[in-house]
């Protein structure tokens, strides 16, 4: 992997001087209906037009800051980028809590279209990069645009949100030491909740079952009361988690795709995710996809677990960043 300019500059005490020569940044504002998305455009040196990537978010409140190191390293291989605060976080307006998958997908396309309209950007070489939930957002966004040039998905997509949720609950329960009977009892309650989210029927029975399950020793691993919508509108906006199937849209993806999966992912089933992605891309007739498994890595291709004892987030798996850079250079930058 190339030595990053920022690290080199810090070493010799010339950070600001050389980093300014390495890339340029600009604060930008995007409008998607009533929502304003605040972001940062990073441009490589030179006049362009440059290929570019939109960074998409995982679940929860995520700002643009997490993508900053990627933006800088991508600029060093000639790739521009746009990262933005998820709606309702940072300085973006709106609310991710009350937003649907469709809302998030439209934010992604808004960012894609913004990049394609910039004179410094090659409008035919703009794609998505995302982690976790972003895999579903990216796939949903493909139905809203004909201009997606590539996708890089880390620990996301493939299986449905329902499959991923049920897998994550099972892993959490088993790791907490519960036996098969207790795990099945807990998952039956989760499934009841999912059925309500899917159909809108049986709210009272679902709420009663959740209340009763608070007395169970396994309930701290589930905590469904925190995510039970208080209104029908809220249920409808989040119903996609229980009912949406990414396969029909994934089967239409023909642009170059890189999928990276951690073999010890506790939030998404690794083998099933790989199989689902491969099946969809084969059905799409996509000749340019690559799926790589990092056997010892967890979610986000990070080395979660007993081997990591330092402060902050665990390190990435060996070879992860190098593989991603090589793929982007070959399939996007050099095109």
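The values are calculated or read from the model by the stated rules, or taken from the named source; none is laboratory data. The structure presented is a predicted model; accordingly, all values stated were derived computationally and were not measured. Glycine also receives a Cβ, built like all others from the backbone with ideal geometry; neighbour counts cover every protein chain displayed.
Wholly within region 198-249, which helices (runs of 4 or more DSSP H) include no fewer than the required count, namely at least 2 residues that are surrounded by fewer than 18 Cβ atoms within 10 Å (Cβ to Cβ) and not assigned by TED's automatic domain parsing to the domain that holds residue 140?
203-213, 232-238
Do the conditions hold for residue 317, that is, is it in contact (Cβ under 8 Å) with a residue 24 or more places away in the chain, in the same structural domain as residue 156 (by TED's automatic domain parsing), within 16 Å of residue 151 (Cβ to Cβ) and surrounded by 15 or more Cβ atoms within 10 Å (Cβ to Cβ)?
no
Given (1) surrounded by 20 or more Cβ atoms within 10 Å (Cβ to Cβ); (2) within 30 Å of residue 123 (Cβ to Cβ); (3) touching a strand residue (DSSP E or B) at 6+ places or on another chain (Cβ under 6 Å), identify the lone condition not met by residue 298.
Residue 298 satisfies every listed condition except (2).
Any residue in region 28-47 that is outside the structural domain of residue 81 (by TED's automatic domain parsing) sitting within a Cβ distance under 8 Å of a residue that is surrounded by 12 or more Cβ atoms within 10 Å (Cβ to Cβ)? List the pairs, counting only those 6 or more apart or interchain.
none
Those residues that are closer than 21 Å to residue 129 by Cβ, out of contact with any strand residue (DSSP E or B) (no Cβ under 9 Å at 6 or more places or on another chain) and crowded, with 17+ Cβ neighbours inside 10 Å, I need them from region 252-283; list them, please.
265, 267, 276, 280
Quick test of your reading of the structure: residue 176 fulfils all but one of (1) touching a helix residue (DSSP H, G or I) at 6+ places or on another chain (Cβ under 9 Å); (2) surrounded by 15 or more Cβ atoms within 10 Å (Cβ to Cβ). Name the failing condition by number.
If we test residue 176 against (1) touching a helix residue (DSSP H, G or I) at 6+ places or on another chain (Cβ under 9 Å); (2) surrounded by 15 or more Cβ atoms within 10 Å (Cβ to Cβ), just (2) comes out false.
For region 46-61, name all the residues that are buried (at least 22 other Cβ atoms within 10 Å of the Cβ) and under 16 Å from residue 94 (Cα atoms).
Result: 57, single match.
Name the one entry in 152, 159, 137, 126 that is surrounded by 21 or more Cβ atoms within 10 Å (Cβ to Cβ), modelled with pLDDT of 95 or more and in a helix (DSSP H, G or I).
Details: 152 fails: in a helix (DSSP H, G or I); 159 fails: in a helix (DSSP H, G or I); 126 fails: in a helix (DSSP H, G or I).
Exactly one residue qualifies, and that residue is 137.
Residue 306 - would you say it is at pLDDT below 95 and either in the same structural domain as residue 317 (by TED's automatic domain parsing) or touching a helix residue (DSSP H, G or I) at 6+ places or on another chain (Cβ under 7 Å) (or both)?
When the stated conditions are applied, residue 306 passes them.
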